[in-house]
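Have a look at the structure below, then the notes.
The values are calculated or read from the model by the stated rules, or taken from the named source; none is laboratory data. Predicted, not measured: the structure shown is a model, and the values here were computed from it. No Cβ is skipped: glycine too gets one built from the backbone with ideal geometry, and neighbour counts run over all protein chains shown. Protein only, heavy atoms only, side chains kept; ligands, DNA and RNA dropped before computing areas. Shrake-Rupley method; radii C 1.70, N 1.55, O 1.52, S 1.80 Å.
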Amino acid sequence: MTNKMLLLLISSTLIIHSTNAQLGIFKKKKTDTNQTPDSVAAPAKEEKEEKKEKKGGNFFQKVVGKIAKGAGGVIGTKSTDNFSSFEPLVYFSSNLYGKEVGTMEIDFIPGWKKNSDLVTVMLMPADKLFFYKLDGSVKVDGIPADYLAAGAYSKIFEGSNNNKTLELETKNGKAKFVLIPNKNKIKVVSFNNSKENFELDMNKDFTIQLENFSTKPGAMVKIRVSATILGLRGLYDIGSFKPAASITIPGYILEHINTTNKGMSFKNCYLVIDDVELKEANDEGGKYKTPIKYLAGNSFAIPVKVTNDASTYFGFTVRAEEKLPLGKINYEFVKQNAFFARPTEQAKKIAVTTFAITGTTYYYNEKEDKLMQTRTEKELIFPQIPDATLNDILEKMYPQLTKVFQEELGAAFIAPEAVTGTKDYQSLDRYSYNDANTKENFSKSYKGLHPLPTTVPLAATYNGEPALFAATGANALLKVTLNLQLSWDNVPQMKPILTVEMLGDKNGGETGVLLTKFFTAKITGQGYKLKKGMDTQKILGDIVRQDDLMQMLRAGLKDLLAKEKQNGEYGPIWELQK
């Protein structure tokens with residue numbers, strides 16, 4: 001009998017197939033690997049995730065940052081002449097700051113000039129995970145725009161209060177928009193009531209006196225600061241504020257800056273104050289049936305000397321572990337700094353957008369030791385869990401979980417049907433994972449609240465989830481997934497992992513770009529040891545540990561709120577937007 005035949009015999013006789021809801025386990029076996037190459041199974045490949053470094057500033061600055069580091073682009077770019085494949089994201093900036101500010105986009109965007117006007121447009125993919133370059137022309141006032149990178153175009157003009165006409169044209173027709181500038185021409189009158197030698201002490205409050213700012217509903221004054229990280233100089237948001245003649249801001253807000261990078265330097269620093277409005281433009285060419293929204297802003301820059309420079313604050317983590325009758329269980333709650341994360345106590349009306357149970361019921365791994373000439377194989381076969389059982393878990397867990405938030409935050413919940421019934425949710429739901437239940441894995445949602453994949457097209461990121469706030473009337477979106485993880489870590493086991501993420505509306509409201517987060521949390525139970533022949537229907541409750549998960553969710557939420565209160569900076573920063 002050849003070695004290859006022996007391997008097949010072992011596989012066929014020792015893999016125990018489960019019936020009557022009993023667990024099948026193929027125990028670890030060491031077999032001789034000194035055999036012909038075609039009989040040796042290839043080792044399992046490990047997927048390596050490339051960690052993408054986040055950059056501060058607005059989206060175009062992030063793109064520039066990637067290019068400046070030699071990345072050559074964020075993701076792939078393809079050409080298109082189909083207007084339905086993308087949505088135009090448009091900025092109309094007036095009164096540009098001067099080159100003395102020294103940020104990288106000044107060199108990257110052709111024709112930069114102080115007090116000039118800038119129109120930028122990005123073609124955001126509506127259905128793909130890459131950027132689009134137009135197979136046609138992009139013109140502003142009849143002049144071809146400059147292509148930057150990653151589907152972004154720009155054109156700079158002499159400063160004026162004139163409208164600009166944006167035209168996107170392909171062989172399939174033309175989209176045409178008339179863009180109206182923000183005509184307020186914001187100006188910094190003084191800083192800390194002084195007209196020269198501006199000093200920003202990060203240990204003290206500072207005030208900015210303004211004139212010519214917008215008073216329209218929803219308008220925001222955004223403040224950015226120039227800083228250098230790893231030799232790259234850019235503008236980083238420190239926050240958005242309700243416009244007023246005088247705005248008082250705590251100096252520690254510079255610690256809660258829009259970056260996740262270390263080593264920030266404020267040498268030769270400038271503050272850039274932007275007056276930003278959200279506007280709409282109809283497509284006179286008829287390619288887009290509903291108006292597009294665009295941001296119109298103007299800026300004013302002042303040099304400041306930053307003193308008592310403190311390190312960037314990246315947020316905090318609270319974690320704890322308890323030993324309960326069914327084994328150890330731990331929680332970890334992560335909160336970013338106040339630019340990215342709202343005070344948790346603000347969450348008063350919550351819309352659950354994901355509530356699902358997922359997991360695997362098949363596990364296989366093999367490992368080859370060339371030195372010892374052995375191969376170790378491990379296989380677990382967990383019986384398929386009936387849909388009715390998965391539904392029962394979700395039906396019991398939903399009221400338990402929502403009760404925790406109601407009691408700890410005083411929050412109210414919007415009915416699932418009222419969430420899934422909105423057009424915005426239905427539009428976003430096409431990217432979701434559908435319910436499935438096979439012999440190898442399962443995903444089951446509660447009342448159609450499906451999990452979203454981690455990556456969706458850019459248009460859905462910008463216009464998808466953010467639209468749910470207005471559509472549902474919520475001020476927080478909650479995503480909950482219970483994953484039953486089958487593994488063989490010393491012993492065959494299955495462990496429950498509850499992940500919870502609560503999103504807030506954009507920093508800057510309607511003039512913001514990306515959503516904030518209140519927190520992310522993971523609650524992990526100790527793995528339940530599995531043995532061959534177990535009745536999995538009887539042990540499933542002890543694997544899931546539903547009551548223990550809710551107990552730790554409550555404990556972690558209390559811990560998070562206490563840590564925020566101790567920090568004392570989240571609330572005052574976010575009060576400035578009211």
Potential extension, residue 265-residue 418 segment - 0.36 nm per residue separation minus Cα distance
50.3 nm
Compactness of the stretch 300-445 as Cα Rg over 2.2 N^0.38 Å, two decimals
1.58
Kindly provide log₁₀ I(q)/I(0) values, in the same order as q = 0.12, 0.13, 0.21, 0.28 Å⁻¹, from the Debye equation applied to equal alpha-carbon scatterers of the stretch 466-528.
-0.45, -0.50, -0.80, -1.11
Projected-area mean, the stretch 364-449, by convex hull of Cα positions, square nanometres:
9.7
Residue 146 - accessible surface, heavy atoms, 1.4 Å probe, Å² rounded to 10:
50
Cα extents of the stretch 203-248 along the principal axes, largest first, in whole Å, come to 39, 24, 15
For the stretch 255-362, what is the per residue volume of the convex hull drawn over the alpha-carbon atoms, in cubic angstrom?
305
Could you work out the per residue convex hull volume over the alpha carbons of the stretch 128-204, in cubic angstrom?
194
Net charge dipole size for the stretch 414-509 [Lys, Arg +1 and Asp, Glu -1 on Cβ; Debye, nearest 20]:
100
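Carbon and sulfur: what percent of the chain's accessible surface (1.4 Å probe)?
Carbon plus sulfur share of accessible area: 49 percent.
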Ellipsoid semi-axes in whole angstrom, largest first, where each is sqrt(5λ) of the Cα gyration tensor of the chain:
49, 29, 24
dims of the stretch 93-136, Cα set, principal axes, largest to smallest, nearest Å -> 40, 18, 16
Under 5 Å between amide hydrogens, which residues at least 5 positions from residue 145 or on another chain qualify, with H placed 1.01 Å from N in the peptide plane?
138, 139, 140
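Quick one, what does Rg over Rh come out to for the stretch 429-575 if you take C-alpha atoms and the Kirkwood Rh? Display every interim value, and only then the final one.
Numbers: Rg = 18.8 Å, Rh = 18.2 Å.
My calculation of the ratio gives 1.03.
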Take the alpha carbon atoms of the stretch 100-140, find their center, do the same for the stretch 324-383, and report the distance between the two centers in whole angstrom.
40
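Expressed in whole Å with the largest first, what are the equivalent ellipsoid semi-axes of the stretch 502-578 derived from the C-alpha gyration tensor as the square root of 5 times each eigenvalue?
Calculated on Cα positions only, the semi-axes equal 40, 16, 8 Å.
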Skipping prolines and chain starts, which residues have an amide H placed within reach, meaning under 5 Å, of the one on residue 114, given they are 5 or more residues away or on another chain?
99
Where does the charge balance sit around residue 345 when Lys and Arg score +1, Asp and Glu -1, over other residues with C-beta under 11 Å from its C-beta?
+1
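Per residue, how large is the accessible surface of the chain? Use a 1.4 angstrom probe and give square angstrom. Before the final figure, lay out the partial values.
On the way: 26950 Å² over 578 residues.
Result: 47 Å² of accessible area for each residue.
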One-quarter of the Cα convex hull surface for the stretch 66-207, in nm²?
11.2
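What number in nm² do you get for the stretch 197-303 if you take the convex hull of its Cα atoms and divide its surface by four?
Mean orientational projected area (the stretch 197-303, Cα hull): 9.1 nm².
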Across the stretch 258-266, in residue order, what do the Karplus-derived ³J(HN,Hα) couplings come to in whole Hz, using 6.51 cos²θ - 1.76 cosθ + 1.60 with θ = phi - 60° and x for Gly and Pro?
7, 7, 10, 9, 9, x, 7, 10, 9
Pairs from 176/506; 289/578; 164/517; 128/293; 328/378; 78/289 whose Cα-Cα separation, in the structure shown, is over 31 Å:
289/578; 164/517
Take the alpha carbon atoms of the stretch 475-496, find their center, do the same for the stretch 426-466, and report the distance between the two centers in whole angstrom.
18
